[in-house]
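Data block below; observations after.
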Amino acid sequence: MEQPVSKSWSIHTRREITSKYQILERVGSGAYADVYKARRLFDNLKVALKEVHDYQSGFREIEALQTLQNCPNVVVLHEYFWSEDEDAVLVLEYLPTDLAAVIREAKKGEWKEEGLRVGEIKRWMIQVLCGVDACHRNSIVHRDLKPSNLLISAEGVLKLADFGQARILLAPGFIAVNDDQQNTPTNEAVDNPSDIVPELDNPDQEVQIIQEAPPYRKEFGLSDDPKVRDFEDMDKESCFPDCDTSCLATCTASDIEEDPFKSYAYEAEEGQNQGLGPLTSCVGTRWFRAPELLYGSTTYGPEIDLWSLGCIFAELLSLKPLFPGTSDIDQLGRIFNVLGDLSKEVWPGCTELPDYNTISFGKVENPLGIEACLPNRSADEILLVKKLLCYDPTNRATPMELLQDRYFNEEPLPLTISELRVPSKHYAADEDSPNECGDYKDFDSDSDFGDFGPSYVTRTEHGYAIQFY
């Protein structure tokens with residue numbers, strides 16, 4: 001068993017936790033969280049203990065998971081521990097693998113010859129869509145969707161995890177948890193919901209809608225009045241992803257910017273975003289980050305999750321990342337090479353993005369198109385991805401619209417959950433990749449322009465323009 005790192009806030013020193021849980025081993029560690037596999041003493045249930053060192057990240061994760069506690073495709077929060085001068089410790093259900101491991105197994109493992117069957121792909125997609133639909137119906141934007149954050153039980157049930165970057169938006173019947181305002185979650189034990197996912201012919205049964213926000217408590221010293229702004233610009237202070245801890249209950253590695261201070265959080269002008277306060281564009285993992293985020297948007301909505309879904313589904317179909325950018329500039333270049341130029345003709349609102357007039361690219365005369373990236377896939381599969389990878393966020397299909405797509409109702413039909421193949425082993429980060437943070441590591445800082453060759457920089461009324469050739 002790996003010996004824990006000695007920390008003043010170490011989970012091993014907290015009697016309220018060790019009296020209820022036997023800590024077995026540490027399975028993930030990063031700058032903002034450590035994850036331990038543990039056993040609940042009274043019934044021997046395997047759980048994951050996530051010790052979150054960042055106040056805001058822990059708070060957001062608790063609030064989001066409590067709101068989604070009855071959704072079958074969201075990881076279960078059993079309880080949490082949080083006291084003054086101590087880190088939050090979340091007690092989560094233990095899920096042994098994730099969708100990234102499924103993709104690796106189909107690409108490199110024992111399934112390599114057969115790959116992923118169409119019926120398998122459809123069932124994985126359906127479960128992802130049900131989880132994201134639950135989030136969006138409850139006014140939650142995940143902001144970091146990727147295969148390694150989609151955990152899978154031994155039985156094949158897929159669940160969304162790692163809500164440390166999630167944002168609860170203001171909507172009728174909901175309490176807003178903004179980037180500059182937070183409310184208090186309640187510490188109530190959550191029963192493990194059924195692992196049975198309803199059949200597709202009644203998509204409305206796939207999720208349970210939570211109509212009321214959880215009641216307030218003052219255990220964190222926060223106001224019960226949702227109008228009171230308890231924190232100032234919290235999002236800008238902790239917008240960096242965790243490395244090696246994104247999968248909560250698994251050993252999966254996550255991503256981190258090589259130099260997080262090369263990314264920037266942009267302030268929204270007062271009165272924008274319908275009173276929700278500024279968002280940060282520094283969220284998510286680069287390969288799955290929507291173009292509006294790469295251009296510094298602070299007024300985005302749930303549509304950024306839909307772009308991420310398009311990237312995830314494309315990877316399920318091709319078994320390789322669609323846009324594996326090495327920097328934010330490279331990421332945009334890869335997107336343009338496939339989808340063509342971003343202009344006001346394809347998205348009129350793009351000219352309002354903070355960095356749209358700062359960075360420009362040479363015109364892409366012959367974009368590859370999604371078809372070239374998904375060879376040997378059906379027209380319906382390609383169309384499904386296209387419905388998500390739209391420059392204009394308002395044109396991206398919602399999860400419920402996709403669940404009703406004919407693709408899922410045509411032969412071959414989605415497999416049942418019990419028919420899904422689940423990897424028998426979980427890949428460590430260094431098994432498949434020389435990168436210590438695994439396949440989804442952001443390799444270089446945003447200032448790395450080396451891959452683009454010559455560039456021309458000019459001063460403009462907005463700052464500087466960079467033209468790549």
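The values are calculated or read from the model by the stated rules, or taken from the named source; none is laboratory data. Treat the numbers as computed from the prediction; the structure is a model and nothing was measured. All Cβ positions, even for glycine, are placed from backbone atoms using ideal geometry, and neighbour counts span all protein chains on display. Surface accessibility is based on the protein's heavy atoms, side chains included, excluding ligands, DNA and RNA. Shrake-Rupley method; radii C 1.70, N 1.55, O 1.52, S 1.80 Å.
At-a-glance table
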read-out: Vicinal HN-Hα couplings computed from phi for segment 114-125 (Karplus, 6.51 cos²θ - 1.76 cosθ + 1.60; Hz; Gly/Pro x); value: 8, x, 8, 6, 4, x, 5, 4, 4, 5, 4, 4
read-out: Amide hydrogen neighbours beyond the local backbone of E79, cut-off 5 Å, H modeled; value: V91, V190
read-out: R0 of 35 Å, Cβ-Cβ distance E371-E79: FRET efficiency to nearest 0.05; value: 0.15
read-out: Accessible surface of segment 30-88, 1.4 Å probe, proportion on carbon and sulfur as whole %; value: 44
read-out: Only Lys, Arg (+1) and Asp, Glu (-1) charged, at Cβ; segment 71-119 dipole about Cα centre in debye; value: 640
read-out: Cα centre as origin, Lys/Arg/Asp/Glu Cβ charges: segment 364-412 dipole, Debye; value: 120
read-out: Among W82, N70, S19 the positive-end extreme of the charge dipole of segment 11-82 (Cβ point charges); value: S19
read-out: Ranked packing of 335-345, 405-415, most packed first, by mean Cβ within 10 Å; value: 335-345, 405-415
read-out: Column: log10 I(q)/I(0), Debye, Cα scatterers of segment 75-164, q = 0.11, 0.24 Å⁻¹; value: -0.39, -1.27
read-out: Exceeding the 20 Å Cα-Cα cut-off - candidates K20/K159; K107/K320; K146/K386; K37/K320; value: K20/K159; K37/K320
read-out: Rounded accessible area per residue of segment 1-111, 1.4 Å, Å²; value: 38
read-out: Other-chain or far-sequence residues with amide H under 5 Å of A33's (modelled H); value: H53
read-out: Solvent-accessible area per residue, Å², over segment 115-154 with all protein chains present [probe radius 1.4 Å]; value: 11
